[in-house]
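Following: one structure in structure tokens, then a few remarks.
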């Protein structure tokens, strides 16, 4: 599966997946969630490339604040622990850190993990903890272009500094 942009057409499915997976802080109604999706940049892994293909995993970068944005990932039960493949992570880091128009041009991305699987996946992907590592405290982790593991770099002129 390849990473693709999610459009407004995908947002109802994205919202449904987030509610099904009991994603923290998601409004119960789609109407309330829609405004948050409009402010984020959403990408996903879909079943097939057809527009109506089901979302297997979705990734949201929040609105940047001085070059820093939050990152959220939600996946179907079938993709749990499977979506974090090198090609997907490479594409996500390119989206985050490459200069526009190829990417978002961010300086840093932060996540707040929920559960040990998410924590371990984030640490393995190169994120570092900036709060205590405790499942109950829902630690915050950060990644910058310089922290992206070498194996996940995309060799382009825009990210030679990574």
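Every read-out reported here was derived from the displayed coordinates using simple, explicitly stated rules and does not represent laboratory data. A quick note: this is a predicted structure, and the numbers were derived from the prediction, not measured. A quick note on method: Cβ atoms are made from the backbone with ideal geometry, for glycine too, and the neighbour counts reach across all protein chains shown.
Taking other C-beta atoms within 10 angstrom as a stand-in for reagent exposure, 90, 9, 82 fall in the order 9, 82, 90, fewest first.
Label separation (residue 78 vs residue 151): 2.7 nm, computed from points 7 Å beyond Cα along the C-beta direction. Cα-based radius of gyration for segment 1-87, normalised by 2.2 N^0.38 Å, reads 1.04. Put simply, the chain fits an ellipsoid with semi-axes of 23, 19, 16 Å; these come from the alpha carbon gyration tensor as the roots of five times its eigenvalues, largest first. Helix-only arithmetic for the chain: the sum of -39500 (n - 2.57) across DSSP H runs with n ≥ 4, divided by the residue total, places the mean residue ellipticity at 222 nm at -7500 deg cm²/dmol. In this simple spin-label approximation, residue 36 and residue 68 carry label points 7 Å from Cα along the Cα→Cβ vector, and these lie 2.1 nm apart.
Of the residues 69, 121, 32, the one that moves most in a GNM of the chain with alpha-carbon contacts below 10 Å is 32.
Size descriptors for segment 37-115, from the alpha-carbon set: Rg then Dmax equal 12.9, 36 Å.
With the simple spin-label model, which puts each label point 7 Å out from Cα in the Cβ direction, the residue 9 to residue 117 separation comes to 3.0 nm.
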